Amino acid sequence: MISLALIFFQSLLHPFHVSVSDIKYKEDKKALQISTRIFLDDLELALQTYSGNEKLDIAKAEDWNFVKENLKPYILERLKLWDEKGEAYELNYIGAEIEDDVMWCYIEIEKVKKLKQVKVSNTILHEVWGDQENLVHFRAFDDVQSARLYKGDESEIFSWD
């Protein structure tokens, strides 16, 4: 009952449920750099669901170790990228930081030999909100491509000639 009241209250704080991921191809480093921005209140609900922990306050210092232990596997299970051959990229979780009311999560993919096509799947917060949208902006070769991913349509293929 308390969790239902909490979800209702959270929905009043920001009625749109959105995360934003920026993916940048660094051709000189042969790497993809990913930064994902997630609202703290939504992330708290997701980590509570993920871990079974009913009480969590990301902003409290005493909860930060719990967040660090659970945030990495949570993000890596829900954000996936594949190359043009369908082979999954290995995502290296760099870390996270809080800025105002959002959590920034940083990931890097090294040894990207060539970039022709990348499939991105993002299911972050789908278990919390049915109307969750995950925006993805992919920057490569002086080109920006964007996609809006949501439950039922969680992936997009980005291509370059």
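The values are calculated or read from the model by the stated rules, or taken from the named source; none is laboratory data. It should be emphasised that the depicted structure is a prediction, and the values quoted were computed from it without experimental measurement. Cβ sites come from the backbone with ideal geometry, for glycine too, and all protein chains shown count toward neighbours.
Step by step: first the residues of the range 1-19, then only those that are surrounded by fewer than 16 Cβ atoms within 10 Å (Cβ to Cβ) and in contact with a strand residue (DSSP E or B) (Cβ under 9 Å, 6 or more places away or on another chain), then the one that is modelled with the highest pLDDT. Which residue is that?
Phe16
State all residues of the range 145-159 that are loosely packed, with under 15 Cβ neighbours inside 10 Å and under 20 Å from Lys30 (Cβ atoms); if no residue qualifies, say none.
Ser159
Among the residues of the range 26-43, count how many are more than 13 Å from the chain's Cα centre (by Cα) and part of a strand (DSSP E or B).
So the count comes out to 3.
With the requirement that a residue be in contact with a Ser or Thr (Cβ under 9 Å, 6 or more places away or on another chain), over 23 Å from His137 (Cβ atoms) and loosely packed, with under 13 Cβ neighbours inside 10 Å, what does the range 46-87 give you?
Hits for the range 46-87 are Glu54, Glu69.
Looking at the structure I just gave you, is Gly95 under 27 Å from Glu156 (Cβ atoms) and either without any contact (Cβ under 8 Å) to a residue 12 or more places away in the chain or among the hydroxyl-bearing types (Ser, Thr, Tyr) (or both)?
Yes: the conditions hold for Gly95.
Suppose we keep only residues that are in contact with a strand residue (DSSP E or B) (Cβ under 9 Å, 6 or more places away or on another chain) and free of Cβ contacts under 8 Å to residues at least 60 places away in the same chain within the range 104-117. Which one would you say is surrounded by the fewest Cβ atoms within 10 Å (Cβ to Cβ)?
Lys116
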